[in-house]
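Taking it in order: structure first as structure tokens, then the write-up.
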Amino acid sequence: MMVLSLDFLKNAQNKFFGVTSYLNPNLVYRRSFTTSSSASATNLSTVGRIVTPTEDFPATIEGSTWLCVGISYVKRGQAFDVTQDFRASGEQGWNTYIYGTAIAAPELPT
């Protein structure tokens, strides 16, 4: 149980004026791999989009969807070190009006 101090309650009213949402702590899934394919490393079209999870994604609560929040890569000679970050939503899923309908998550190289 969290106990709020009276000072917080007194000062919080002005700080929360107009706030209609807040960050909901949730699950972040990070994939890291090395590939020789520039297509895998530069598939940036999924960033900022809802993605359909592949079988390697962890299970989430019902109704939750995944958002690709970032892809980074470093070229090392002829190879790319790739990191893909995905964030799970709450029970309502990510807003498709904002993030679009789900697209396929980037495939892991074979």
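The values are calculated or read from the model by the stated rules, or taken from the named source; none is laboratory data. Just so we're clear, the structure is a prediction, and the values are computed from it rather than from any experiment. Note that each Cβ is placed from the backbone with ideal geometry, even for glycine, and that neighbours are counted across all protein chains shown. Quick note on the areas: whole protein, heavy atoms, side chains included, nothing else; ligands and nucleic acids left out. Shrake-Rupley method; radii C 1.70, N 1.55, O 1.52, S 1.80 Å.
Okay, here's what the table says:
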item	result
For Val69, distant residues with modelled amide H under 5 Å away	Gly48, Asp85, Phe86, Arg87
Note, ³J(HN,Hα) from phi for the stretch 79-94, Karplus 6.51, -1.76, 1.60, rounded to Hz, x at Gly and Pro	10, 10, 8, 10, 10, 10, 10, 10, 10, 7, 8, x, 5, 7, x, 6
Percent accessible area from carbon and sulfur atoms, the stretch 68-110, protein chains only, probe 1.4 Å	49 percent
Label point distance in nm, Asn95-Phe33, each placed 7 Å from Cα along Cα→Cβ	3.3 nm
